[in-house]
1. Of all residues being within 15 Å of the ligand (Cβ to nearest atom) and among the small types (Gly, Ala, Ser) in segment 79-89, which is farthest from Leu107 (Cα to Cα)? Just the residue, please.
2. For Ser28, all conditions in the list (1) within 10 Å of the ligand (Cβ to nearest atom); (2) in a loop (DSSP other than H, G, I, E, B) hold save one; what is the number of the exception?
3. Which condition breaks for Arg148 when tested against (1) over 29 Å from Phe22 (Cβ atoms); (2) in contact (Cβ under 8 Å) with a residue 12 or more places away in the chain; (3) touching a strand residue (DSSP E or B) at 6+ places or on another chain (Cβ under 8 Å)?
4. Would you confirm, using the coordinates I've provided, whether Pro150 is over 26 Å from Pro48 (Cα atoms) and surrounded by fewer than 19 Cβ atoms within 10 Å (Cβ to Cβ)?
5. With segment 153-249 as the region, which helices (runs of 4 or more DSSP H) entirely inside it contain at least 2 residues that are open to solvent by less than 70 Å² (accessible area, probe 1.4 Å) and either without any contact (Cβ under 8 Å) to a residue 40 or more places away in the chain or near the ligand (Cβ under 10 Å from one of its atoms) (or both)?
6. With segment 64-130 as the region, which strands (runs of 3 or more DSSP E) entirely inside it contain at least 1 residues that are in contact with a Gly (Cβ under 6 Å, 6 or more places away or on another chain)?
7. Tell me which residues, restricted to segment 43-77, are more than 15 Å from Glu143 (Cα to Cα), within 19 Å of the chain's Cα centre (by Cα) and among the aliphatic types (A, V, I, L, M).
8. Return the only residue of Met67, Met76 being within 15 Å of the ligand (Cβ to nearest atom) and over 21 Å from Lys236 (Cβ atoms).
Amino acid sequence: MNRQLIQKAAEDILRSKKTIAFTGAGISVESGIPDFRSAEGLWQKYDPEEYAHIHAFYSDPDKVWLMLKDMFTLVMTAKPNPAHIGLAELEQMGLLSTVITQNVDGLHQAAGSKNVIEFHGSHRTLSCLKCSTTLDGASLKIEDLPARCPRCSSLLKPDVVFFGEPIPPKAQTYSFRESKSCGTVLVIGTSAVVYPAASIPIMAKEEGATIIEINMEPTPLTGQISDYLITGSAGKIIPAIVEEVRRQR
Ligand code: APR
């Protein structure tokens, strides 16, 4: 782990007018949830066009529910890891204003983060496609899936944003506002290839923010948008940054 960059990140956070975090699946890998595009990622097992597009869900829901059951089990059993906990600590210290996450696992909230925007929705609740009744996923067991609406018996869909679906308007508006008014963005565990989510660090950069990338490998942001990349696992780097912030404070 690059100690100089850890120190630099702590300095950037301490002097920033406002710091936000933008997270992707990589931050939850150490909680046991595979990411999407790495070698063991979910998209190696399930073709996103066949399983993660809203048209696939409508045309063959039982098939898509095969993937959703996998995701459901992973999400409902996963626990926050030191990276999620470190971000919650930064928020408690008044040094992180918002987490904008592409993840649907609810682990930032479980770690104690209060201000979390779920840009791609959440796997923790499901809604009826017909009467919009919403269910808490914790009330269901894997053998109940695919579940039907208790009110009208129509099909339930997890409240995650499928490809081909719009981003929840409030999440998008609030995220764009945060990205345009912050001084520093911690971009953690995302391949930054899916839009409009990936425009968040780009918009922040255009407004003069410092972009700090934390990833196992470079991404399209590296060298273009990011001021620097701290290479390594989020579960180690985030706690090291928090410890350095405490030391420098
Ligand atoms: N620490 C830091 N980074 C990690 C770790 C780790 N322990 N493990 C993996 N990564 C990095 C990978 O190198 C990769 O750059 O996390 C990134 C994960 O990228 P993706 O799998 O593409 O996930 P993400 O960027 O969140 O995908 C965006 O695409 O499929 C859609 O809706 C889905 O929200 C998702 C979106």
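The values are calculated or read from the model by the stated rules, or taken from the named source; none is laboratory data. The structure displayed is predicted, hence computed values, not measured ones. FYI the Cβ positions are ideal-geometry reconstructions off the backbone, even for glycines, and counts take in every protein chain you see. SASA here: full protein model, heavy atoms, side chains in, ligands and nucleic acids out. Shrake-Rupley method; radii C 1.70, N 1.55, O 1.52, S 1.80 Å.
1. Top of the filtered list is Gly86.
2. (2)
3. (2)
4. Against the criterion (over 26 Å from Pro48 (Cα atoms) and surrounded by fewer than 19 Cβ atoms within 10 Å (Cβ to Cβ)), Pro150 qualifies.
5. 199-206, 234-248
6. Numbers: elements: 98-101, 116-118, 121-128.
Strands (runs of 3 or more DSSP E) meeting the threshold: 121-128.
7. The answer is Ala52, Val75.
8. Answer to the check: Met67.
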